[in-house]
Ligand code: MRU
C-alpha cells in the first residue's frame with residue numbers, strides 16, 4: 001500500500017490535473033494500483049470492466065468522464081459542444097444498466113451544460129460540477145453514516161453483502177459508512193462479510209477496506225448466511241443499493257434478496273443505506289434492467305476453471321428485494337420506514 005493511499009484513506013476516484021485517477025479494483029486485494037484516465041472512452045471501459053464499481057462511484061466516475069469529454073472536444077460553438085457531450089453520455093450510459101446513480105449524474109451534467117452560455121463557460125461548469133459531485137458524495141456518506149449509526153448498538157455483529165464501502169463511493173461508504181460511524185461513536189461493532197460470488201466484492205473489497213481501517217471483520221462463504229443467522233452469529237444486516245423505487249423495492253447485488261428473506265425468517269433487522277441519488281421514483285419493478293454478466297465469472301475463479309467447458313450459465317448481477325423484507329432505508333435526509341411509498345415521498349418533499 002502506498003503512503004499516498006493511507007493518507008487519502010482509500011479515495012476511490014479523484015480528479016487531478018485534468019485526469020481521472022482511480023483505484024483498479026480488479027487488482028484488489030493483491031495489489032493496490034491506480035489507473036490514470038485521460039479520455040471518456042477509458043472511463044467507460046473502466047466502468048464496464050469493474051475497475052471502478054459500486055453505484056455512487058459509478059455516478060461520480062461518469063461525471064468525470066463527461067469532464068474529460070469537454071476537455072477532449074474541439075467544438076467552437078455551444079451546439080457542437082452539447083453534441084459531443086451527448087455522444088459521450090450515450091457511451092457512458094451503456095456501460096452498466098442497473099445502478100441509477102450513473103444516469104442521475106450524466107443527466108445532471110447535461111443540465112449544467114445546457115445552462116452555459118458559451119464553450120468556455122460550459123467546459124468550466126461541467127468540470128466544476130463533476131468535482132463538486134465527488135466532494136458531495138463524501139459529505140453525504142458521512143451524514144448518512146451518522147443518521148444510520150443510531151440504529152446500531154454496542155456489541156452488534158452486522159452482516160453485509162457485496163461492497164457498499166469506501167470503494168463503492170468516493171470515500172467512507174454507504175452501508176460501511178454507517179458501520180464506520182457506529183464504530184467512531186464508540187460502539188464496539190463487528191462485521192460479517194459475505195464472499196459475494198461470482199466477483200467476490202465481499203472478500204476482495206469489503207474485507208480489504210475494513211481490515212485497512214482496523215474494523216473487526218469475519219468472512220463467510222455466501223452459503224453460510226443461513227447458518228450464521230440460525231446460530232445467533234448476526235444481529236443486524238446492512239447493505240447498499242443500486243436502485244430504490246418509490247415503493248421501496250431495492251435493487252442490489254445478486255444474493256441480497258436471499259439474505260433479506262433469511263433475515264426475516266430469523267427476525268433479524270435488515271437495513272439498506274443509500275443516498276437520494278440512488279432513488280428512481282419513476283420506474284416500476286418490471287422496468288428495471290438487471291445486468292447479465294459473462295459466463296466466465298461463474299465458470300471460474302480468477303484464471304482457474306471451476307466448471308466444465310460450455311456450461312450453460314445464468315449470471316444476473318443484481319436482484320430485487322421487496323419492501324416487506326426491509327426494516328428501514330437509511331438516507332442522508334433521514335430513515336424511511338414502512339410504508340415506504342409514504343415515507344420515501346416525505347423524504348423527497350423535505351429535500
Ligand atoms: O457490481 P457492483 O460491484 O457494481 O455491485 C455493487 C453493489 O451491488 C453495491 O451493493 C451497490 O452498488 C451499493 S454501493 C454503495
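For the stretch 330-342, the tally of residues that are touching a helix residue (DSSP H, G or I) at 6+ places or on another chain (Cβ under 7 Å) and either assigned to a strand (DSSP E or B) or more than 14 Å from the ligand (Cβ to nearest atom) (or both) stands at 9. If the condition is being outside any loop (DSSP other than H, G, I, E, B) and either within 9 Å of the ligand (Cβ to nearest atom) or surrounded by fewer than 24 Cβ atoms within 10 Å (Cβ to Cβ) (or both), then the stretch 226-242 contributes 226, 227, 228, 229, 230, 236, 239. Scanning the stretch 92-111 for residues that are more than 17 Å from the chain's Cα centre (by Cα) and surrounded by 18 or more Cβ atoms within 10 Å (Cβ to Cβ) yields 108, 109.
The condition (being closer than 27 Å to residue 154 by Cβ, under 20 Å from the mean Cα position of the chain (by Cα) and within 16 Å of the ligand (Cβ to nearest atom)) is satisfied by just one residue among 271, 257: 271. Selection of the stretch 112-124 for residues being assigned to a helix (DSSP H, G or I) and either surrounded by fewer than 20 Cβ atoms within 10 Å (Cβ to Cβ) or free of Cβ contacts under 8 Å to residues at least 24 places away in the same chain (or both) yields 112, 114, 115, 119, 120, 121, 123, 124.
When residue 262 is tested against the conditions (1) surrounded by 17 or more Cβ atoms within 10 Å (Cβ to Cβ); (2) farther than 19 Å from residue 188 by Cβ; (3) in contact (Cβ under 8 Å) with a residue 60 or more places away in the chain; (4) more than 22 Å from the chain's Cα centre (by Cα), the lone failure is (3). Of everything in the stretch 274-294 that is within 16 Å of the ligand (Cβ to nearest atom) and part of a loop (DSSP other than H, G, I, E, B), the residue that is surrounded by the most Cβ atoms within 10 Å (Cβ to Cβ) is 274. Annotation note: of 71, 81, 102, 92, the sole residue that is more than 18 Å from residue 279 (Cα to Cα), part of a helix (DSSP H, G or I) and either in the same structural domain as residue 281 (by TED's automatic domain parsing) or within 16 Å of the ligand (Cβ to nearest atom) (or both) is 92. Residues considered: 137, 154. Of these, the only one that is surrounded by fewer than 24 Cβ atoms within 10 Å (Cβ to Cβ) and either within 21 Å of residue 100 (Cα to Cα) or in the same structural domain as residue 230 (by TED's automatic domain parsing) (or both) is 154. Restricting the stretch 199-225 to residues that are part of a loop (DSSP other than H, G, I, E, B) and within 17 Å of the chain's Cα centre (by Cα), the residue that is farthest from the ligand (Cβ to nearest atom) is 200.
Rundown of residues vs (1) buried (at least 23 other Cβ atoms within 10 Å of the Cβ); (2) at pLDDT below 95; (3) under 15 Å from the mean Cα position of the chain (by Cα); (4) at positive phi, yes/no style:
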| site | (1), (2), (3), (4) |
| --- | --- |
| 27 | no, no, no, no |
| 42 | no, no, no, no |
| 56 | yes, no, yes, no |
| 69 | yes, no, no, no |
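Among the residues of the stretch 15-57, those identified as assigned to a loop (DSSP other than H, G, I, E, B), away from the ligand (no atom under 15 Å from the Cβ) and under 24 Å from residue 301 (Cα atoms) are 30, 31, 32, 33. Out of the residues in the stretch 153-169 that are more than 11 Å from the ligand (Cβ to nearest atom) and part of a loop (DSSP other than H, G, I, E, B), which is nearest to residue 317 (Cα to Cα)? Applying the filter and picking the extreme gives 156.
Screening the candidates 87, 107 for the property of being more than 29 Å from residue 285 (Cβ to Cβ), assigned to a helix (DSSP H, G or I) and at pLDDT 95 or above yields one hit, 87.
The values are calculated or read from the model by the stated rules, or taken from the named source; none is laboratory data. Because the structure is predicted, anything quoted here is derived from the model rather than measured. FYI the Cβ positions are ideal-geometry reconstructions off the backbone, even for glycines, and counts take in every protein chain you see.
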